[in-house]
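The values are calculated or read from the model by the stated rules, or taken from the named source; none is laboratory data. Keep in mind the model is a prediction, meaning the values are calculated, not measured. Cβ: placed from backbone, ideal geometry, glycine included. Neighbour counts: every protein chain shown. Surface accessibility is based on the protein's heavy atoms, side chains included, excluding ligands, DNA and RNA. Shrake-Rupley method; radii C 1.70, N 1.55, O 1.52, S 1.80 Å.
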Amino acid sequence: MTIAWDFPLDTGCLPPRHYSINRDGTDIATVGPEDATFTDDISAVGDFAMGTLIVYKISANNIAGDGEYSVELAVTVG
């Protein structure tokens, strides 16, 4: 599963240090500030049965701390 996002329009004058990827309420990875995609190999993580709903969110982090999470992206395994 690959997700992609647009870079934030307003960083509050502080550049992002990384992005946190959250799956189903748990941060699972960080991605460098120059990247805007993340690939989650859900087949290697566990057995997600057909029809399983997975929810992703992304948060930017800069020297001031973590930003708010993005709108949720819900994906159904199928």
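Numbers at a glance
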{"read-out": "Neighbours by Cβ (under 6 Å, 6+ apart or cross-chain): first from the stretch 64-78, over 30 Å from Gly51 (Cβ atoms); second in a loop (DSSP other than H, G, I, E, B)", "value": "Ala64/Leu14"}
{"read-out": "Residues (of a type in the set (Ser, Thr, Tyr) and within 9 Å of the chain's Cα centre (by Cα)) located in the stretch 22-32", "value": "Thr30"}
{"read-out": "Strands (runs of 3 or more DSSP E) within the chain that include 2 or more residues at pLDDT 85 or above and open to solvent by less than 50 Å² (accessible area, probe 1.4 Å)", "value": "18-23, 26-31, 53-62"}
{"read-out": "Complete set of residues in the stretch 33-78 that are of a type outside the set (A, V, I, L, M, F, W, C), under 10 Å from the mean Cα position of the chain (by Cα) and within 22 Å of Leu14 (Cα to Cα)", "value": "Thr37, Lys57, Ser59, Tyr69, Ser70"}
